[in-house]
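Notes for the one structure printed next.
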Amino acid sequence: MVCVIIIKILQPGLMLKLKSIKEVKKLRGKTVLFRVAYDVPLVEADGGWKVADDRRIRETLPTLKYLLKNNCSVVVLSWLGRPGGKVVQKLKMDPVAQALARLIKQPVKKLDDCVGPKVLAEIKKLKRGHILMLENVRFYHQEEENSRLFAAMLVQGIDLICFDAFAQTHRVHASTTGITQLLPTYAGFLLQKEITVLGRILKKPQRPLLVILGGAKMSDKIAVLENLVKIADQVLIGGGSANIFLQARGIKVGQSLVESTFVDKAKRKNIDILAFAKKLLQQYPDKIILPVDMLAANKIDTNALVEVVDLENQQHIDARWLFLDIGPKTVGNYLLAIKHAKTIFWNGPMGYFEIRKFAFGTKKIAEGVARAQAVSIIGGGDTEIVAGQYSLEDKFTHISTGGGASLDFLGGKELPALKNIIK
C-alpha cells in the first residue's frame, strides 16, 4: 500500500507529496540510516549528563518500532547542541543513546564517531533488528558546511534513509540536504505528522483561527506573521515581539528589547521591522491585537522592582526600565479570544518566563490554550519548553518538535531537507 502525505501550501496548486517509509516494498532486512532530531536538553547528574526532556526521542518511537518490526538494521544519526565543529565532551550522544535504550527497551550501541573505517565496520556487522547510534555529527565542521564528501561518508554501508528530523528540515547541512541527495530517502511518521498537522492551519482550519505570537525576537516571525495574518481571524502579539508593534503605535518601550532591522540573507536585503509593523497595523487594524498593559521592571532579575504600565490610559514606562511580560488586562483579553477560537497556533512565550516574576502571562496563556475547546497547535522551541514546564504536554492537540522549521513552513519558506523526499 502506498502512503502519500499531501499538503497544499501557500501558492495555489502547489502540493507536497512526501514519500513515506511505508512505501518501501522490500524494507525487510535493510540497513537504514534513521535521521532524527535528538537535539534534546541535558542536565548534569551523578558526575555526568542525562537527558532532561525525552519528548523528541519519544516522538520518533513509532517510526523506529516500524523499522525494527521489519527487521532492519537501524543506524541513528543526529546532532546535539552547537559544538562548533569540534568535539565537546558534554555534547556527546551517550546520554541520548541511554535514554533511547530505556524507551525502546533494547540495547543501543553508541559509537565514538559518525564517519570513518571503524564506523563502517560497525555498520556492516550490525545485526538485523539491532540499533546503532552515531556520534554527534556537528563535531565535524563539514556538517554545517554541507560538504558533499562528508555526506557521502555518512551514508557508507547504508541502503536507504528514513528521515524523521522535522525540527532540522530547514537546515542546509550535510546530514539534512546532503545525504538525501545521495540515497533513496523516505519520511518517517513524525515528519509526516508534523507536515499534516501544520498544513491544516494553512488549508481549511476550523474557525475562528487564532494565532498567538510571542518570543524575544521579531525577525524570525516576519514571514509567518505576513502569511498567517492573511488567513487568521485574529493575531495576538506578546513577548519581546510586541515591543516593535507598540513602538509602531507611538508607545515608548524604555530599554525593552527591540529589533529595528533584520538582514534577510535569502532576499539579500535589509528589512526595516518598524516599517513592517506599521504597515501590518495599517493593513490589518482589526486583526492584530496588541497588549493594553505591560509588566515593566528595572532589570532582568528575581529581585527586580516591577510595576504594571497601563497603556490604555496612556501611562508611560520609565525610560530606564523594560517590559518583561504582558499585563493582567492583556491576559484577560487574550484568554477571551482563546476561549472563542476553534483553531489556535501559538509560538513564543509572552514574557521572560525563565524568571517566575515575569512568567504570569506565559503561564496563563498556556493554561488557556490547554483548556480551549479548539484544535491547539504549539510551535516548538521555547513554547515547547513552556508546555513541559507547566506539565501541559498532553493538553494540546499537537506540540511541534521544530520551532524554526514550523515557522518556516507556515511562513511559506522552503524546507530544504524535504526536496528529495517529495514525490
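Remark on the range 135-276: ratio of C-alpha radius of gyration to 2.2 N^0.38 Å is 1.36. Quick one: length gained pulling residue 69 to residue 82 fully straight, 0.36 nm per residue minus the C-alpha distance? So the chain would gain 1.3 nm between residue 69 and residue 82. Restricting to bridges with both residues inside the chain, how much of the DSSP beta-bridge set is antiparallel, in percent to the nearest 5? About 40 percent, rounded to the nearest 5. Students often get this wrong: which residues of the range 330-362 have the backbone nitrogen under 14 Å from the point 7 angstrom along Cα-to-C-beta of residue 249? Flagged as within label range: 330-334. Pairwise Cα distances in the range 373-423 exceed 18 Å in 40 percent of cases. Rounded to two decimals, the Cα radius of gyration of the chain over 2.2 N^0.38 Å is 1.03. Mean-square fluctuations from a GNM of the chain, with a 10 angstrom spring cutoff on Cα atoms, peak among 337, 167, 374 at 337. Each other residue within a Cβ distance under 15 Å of residue 55 adds +1 if Lys or Arg and -1 if Asp or Glu, for a net charge of -4.
Partner lysines whose Cα lies under 24 Å from the Cα of residue 278, excluding those fewer than 8 positions away in the same chain, are identified as 217, 221, 230, 252, 265, 267, 269, 287, 329, 413. So what does log10 I(q)/I(0) come out to for the range 339-421 at q = 0.11, 0.12 Å⁻¹, using the Debye formula with one equal point on every Cα and no solvent? Summing over Cα pairs of the range 339-421 leads to -0.31, -0.37.
To the nearest µm²/s, what D does Stokes-Einstein give for the range 191-346 at 37 °C and 0.692 mPa s, using the Kirkwood radius over alpha carbon pairs as Rh? Approximately 198 µm²/s, per Stokes-Einstein. The alpha-carbon of residue 90 sits under 26 angstrom from the alpha-carbons of these lysines, leaving out residues fewer than 8 places away in its chain: 50, 105, 109, 110, 118. Bridge orientation summary for the range 1-157: considering DSSP beta bridges with both residues in this region, about 45 percent are antiparallel. On the basis of the beta-carbon distance and an R0 of 25 Å, residue 145 and residue 419 show a calculated FRET efficiency of 0.85. Computed from phi, the 3J(HN,Hα) profile of the range 194-209 under the Karplus parametrisation 6.51, -1.76, 1.60 (θ = phi - 60°) reads 4, 5, 5, 5, 5, x, 5, 5, 7, 10, 6, x, 5, 10, x, 9 Hz, with x in place of Gly and Pro.
The residues of the chain have, on average, 46 Å² of accessible surface per residue, using a 1.4 Å probe with all protein chains present. Charge tally around residue 169: other residues with Cβ under 11 Å, Lys/Arg +1 each, Asp/Glu -1 each, net 0. A Förster radius of 56 Å combined with the Cβ-Cβ distance from residue 278 to residue 122 puts the calculated FRET efficiency at roughly 0.45. Among the protein heavy atoms of the chain, carbon and sulfur supply 50% of the accessible surface, probe 1.4 Å, non-protein parts ignored.
GNM on the chain, alpha-carbon springs under 10 angstrom: the most fluctuating residue among 400, 147, 78 is 147. Secondary structure note: in the range 147-305, about 30% of the DSSP beta bridges are antiparallel.
The values are calculated or read from the model by the stated rules, or taken from the named source; none is laboratory data. This one's a predicted model, so the numbers in the text were calculated from it and none came from an experiment. Don't worry about glycine lacking a Cβ; one is built from the backbone with ideal geometry, like all the others, and counts go over all protein chains shown. Just the protein is used for accessible areas: all its heavy atoms, side chains included, with ligands, DNA and RNA removed. Shrake-Rupley method; radii C 1.70, N 1.55, O 1.52, S 1.80 Å.
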